[in-house]
1. Once you sort the root eigenvalues of the Cα gyration tensor of the stretch 465-534 as a ≥ b ≥ c, which label holds: rounded (a/c under 1.5), prolate (a/b larger than b/c) or oblate (the other case)?
2. Just rank 589, 321, fewest to most, by other beta-carbon atoms within 10 angstrom.
3. Can you list the residues, at least 5 places off or on another chain, whose amide H is less than 5 Å from the amide H of residue 728, using H built in the peptide plane?
4. With a ≥ b ≥ c the root eigenvalues of the C-alpha gyration tensor of the stretch 525-744, is it rounded (a/c under 1.5), prolate (a/b larger than b/c) or oblate?
5. What are the ³J(HN,Hα) couplings of the stretch 319-336, residue after residue, when phi is run through the Karplus curve with 6.51, -1.76, 1.60 and θ = phi - 60°? Round to Hz, x for glycine and proline.
6. For 267, 54, 100, what ranking results if the residue with the fewest other Cβ atoms within 10 Å of its Cβ goes first?
7. By counting other Cβ atoms within 10 Å of each Cβ, how are 558, 110 ranked from fewest to most?
8. Placing unit charges on C-beta atoms (Lys and Arg positive, Asp and Glu negative, everything else neutral), compute the dipole magnitude of the stretch 472-536 about its Cα centre in debye, rounded to 20.
Amino acid sequence: MTAAATSQPPVRRWLFAVTILTGSFLLFLIQPMVARMALPRLGGAPNVWNSAMLVYQALLLAGYAYAHWIGGLSLRRQGQVHLALFAFAALTLPVALAELPPPAPGSEVFWVPALLALSIGPVFFLVSAQAPLMQRWYAAHPQAGEPWALYAASNLGSFGGLIAYPLLAEPLLSLHAQAWAWSAGYLLLLGLIAAAAWMRRGLDVTIEPGPTGHGEAAPPVPRRRIALWLALAAVPSGLMLSTTTHLTTDIVAMPLLWVIPLGIYLLSFAVAFAERRQAARLLAALAWVAVLGAGGLAMISTHSAGLVPVFASLALLFFVCVALHARLYDLRPDSRHLTLFYLTMSAGGALGGLFTALIAPLVFDWVWEHPLLVLAAAALLPRDSLPDWRRLKGLEPEMVRLALFILLGFAAFSGWQLRDLALMVDKQPLYWIWSAVLVLIGLALVPWRGAVVGLLLGIMLVQGGLLTLEDSRDGVRTRSYFGIYTVRDYPAERLRTLAHGTTLHGEQSTDSALRRIPRTYYGPGSGAGMTLTRARALFGPAPRVAVVGLGTGTLACFHQPGMRFTFYEIDPAVLKLSRQGTFTYLSDCTPGAPVVIGDARIELERAPRGSVDLMAIDAFSSDSIPLHLLTDEAFGIYLDALAPRGVLLVHISNRFIDLEPALSAEVRRRGLHAAVREDNPEPDEALGYTGSTWVAISRDAGQIKVLEAGAPAMAWRPLGAPAPQVWTDDHASILPYLQWRNFLGRPQ
């Protein structure tokens with residue numbers, strides 16, 4: 001190594017740790033911030049966040065590749081180039097979305113990554129490079145020692161950024177203020193990098209020093225080792241995104257839930273890359289229990305309500321991530337290959353994201369990527385994290401083989417018992433006993449990698465996987481960028497249902513005499529049913545009706561002579577269900593009604609002012625909230641499209657979020673009039689009505705009084721207390737309105 005000065009500068013480990021922490025904090029603070037900015041354009045589909053993650057991983061890979069490339073320069077030249085590029089990228093601040101025309105239907109999977117890459121590409125690219133680059137600069141000092149612990153610090157900073165966004169930044173700051181605060185942090189990071197470069201000014205090296213401080217080149221890394229690094233990085237990344245899809249499908253597309261799986265993923269690095277290995281080894285051993293227990297539920301397509309399955313999936317993610325990342329750490333190279341190692345890790349993460357966010361939605365009809373990734377995790381978990389009982393003193397090879405056959409036979413018998421008990425509510429204690437038995441057998445089979453993976457596959461199949469496979473064989477599911485739709489027939493009841501996620505989205509009788517009768521949330525006592533039935537009394541002989549969210553098309557069958565319907569639907573896959581005759585409400589009742597494909601908010605903004613008399617907002621996906629349809633800006637678009645005496649209907653039935661305060665605040669701010677219809681019909685299998693809550697809003701108080709003039713049994717009530725402030729595109733938080741008690745189980 002050649003030094004430019006006779007005296008060495010100090011190591012200053014704290015400076016490099018602070019620089020890495022700051023950069024990682026900013027990097028993972030901007031992720032949910034930009035995704036939140038994009039909601040008004042992209043909607044709230046879970047795949048929006050997965051697409052965002054794919055962009056972030058691609059930019060992270062590019063940043064790590066840049067750090068690897070720039071490492072071939074002298075330290076002085078590295079500092080000059082990096083600081084110049086960092087200063088140049090600052091010209092793109094504050095962070096804002098790029099101006100792109102709306103996507104064509106079906107092109108969202110490519111348009112979303114393009115929008116995000118153009119919006120934050122330069123700054124994200126450069127900030128992502130600072131972690132490996134700062135570790136490289138730190139390790140260049142002869143007295144610095146190994147730099148790997150700084151990567152654990154990097155992930156603690158990333159975790160802090162993620163948690164800070166939903167708990168502090170989003171509730172307290174507008175998006176405009178968030179963008180400027182992040183820009184200030186970027187300038188702070190620029191100063192820290194300049195200080196770090198100054199601290200290495202006397203070390204003009206071009207080859208990364210080894211642990212001894214000598215500059216000789218390290219031996220090349222074998223290709224098989226690099227391939228294993230890729231796999232160990234790809235599986236946790238893909239599993240993180242598949243877990244995110246489940247959470248955001250059934251609750252809400254919001255940063256609070258986006259960041260939980262990503263936060264767990266990042267936290268696992270802090271444990272796995274720690275210098276003290278006890279915690280990582282313990283968690284790697286427990287990962288086998290998690291994979292055989294919680295992983296055995298990965299093929300169930302009829303989910304349970306409540307927090308138990310959520311906690312199980314998050315625990316599985318955490319243990320698997322720690323175990324695989326700990327194995328990755330144990331396979332780390334000499335520090336002279338530091339940037340190659342991180343570049344390969346980043347490439348693996350991008351491959352996992354590419355598979356889950358881009359390939360899987362196009363190839364699979366269900367979230368098959370999730371069980372496939374769990375099986376891949378079992379194939380990669382470190383076997384040496386558990387004791388190898390085959391090496392017990394006095395145990396002969398013949399006895400080991402006999403024990404293997406006995407274990408496999410008992411596993412087959414236990415799986416058979418589990419299959420029969422899985423759906424029997426009154427046998428749940430036995431079900432859990434046999435589940436525990438299978439986990440114990442699996443732990444005994446860990447020394448045989450193929451056997452334990454085969455057992456895990458068997459557990460998945462008997463605990464719901466066979467039924468899920470049958471659904472794929474029978475073609476009952478449709479998957480698109482916006483979700484997974486399941487159509488089921490019940491011949492005995494002459495009934496066909498549509499579900500999105502775990503939520504019923506409509507049903508229709510297959511009896512030709514009954515198939516025009518609205519069902520589920522749209523019965524005669526629902527807010528929608530009552531308002532549409534009185535539409536001609538409210539608006540005259542030719543009411544103009546706009547319905548946001550097609551579903552099964554049930555509302556079409558409230559059509560009366562003279563009424564003109566227009567439907568708005570973001571997902572062509574949903575329209576196809578009506579066009580191909582799976583559901584016939586649309587063709588039976590309003591065969592000539594136009595259906596506009598695209599985001600309703602964007603499409604309604606193009607509608608002529610005052611061109612709609614009655615508008616129904618019914619666009620929720622599963623229990624996920626398209627937040628951009630409930631902001632002040634969205635209501636401005638609705639009111640522009642509504643006639644002066646028009647009525648806006650908003651469907652707010654939701655298991656997890658109380659939407660009434662936000663609507664009440666909007667009504668108060670605009671001086672509107674509103675009433676709530678809570679319909680709780682008696683159970684009636686013949687008609688299939690479902691409880692619902694609809695809010696009717698109008699500029700004209702007389703229109704609301706017409707609705708309230710029904711029979712006492714059909715009573716409307718005033719809106720409840722308003723939220724302190726309205727939701728806007730710039731500032732909205734649902735944290736105060738979460739109904740935590742309902743997370744413990746399905747509400748009655």
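1. On the way: a/c = 3.17, a/b = 1.69, b/c = 1.87.
Oblate, because a/c is 1.5 or more while a/b does not exceed b/c.
2. Working: 589 20, 321 27.
Final ranking by Cβ density, sparse to dense: 589, 321.
3. 632
4. rounded
5. For the stretch 319-336, the Karplus-derived couplings read 5, 5, 4, 4, 5, 6, 6, 5, 5, 4, 5, 5, 9, 5, x, 4, 4, 5 Hz, x marking Gly and Pro.
6. With the sparsest Cβ surroundings first, the list reads 100, 267, 54.
7. On the way: 558 24, 110 14.
Taking fewest neighbouring Cβ atoms as first place, the list is 110, 558.
8. On the way: 11 positive and 5 negative charges, 40 e Å.
Charge dipole, the stretch 472-536, about its Cα centre: 200 debye, nearest 20.
Just so you know, all these numbers are worked out from the coordinates, no wet-lab data involved. Quantities reported herein were computed from a predicted structural model and do not represent experimental measurements. All Cβ positions, even for glycine, are placed from backbone atoms using ideal geometry, and neighbour counts span all protein chains on display.
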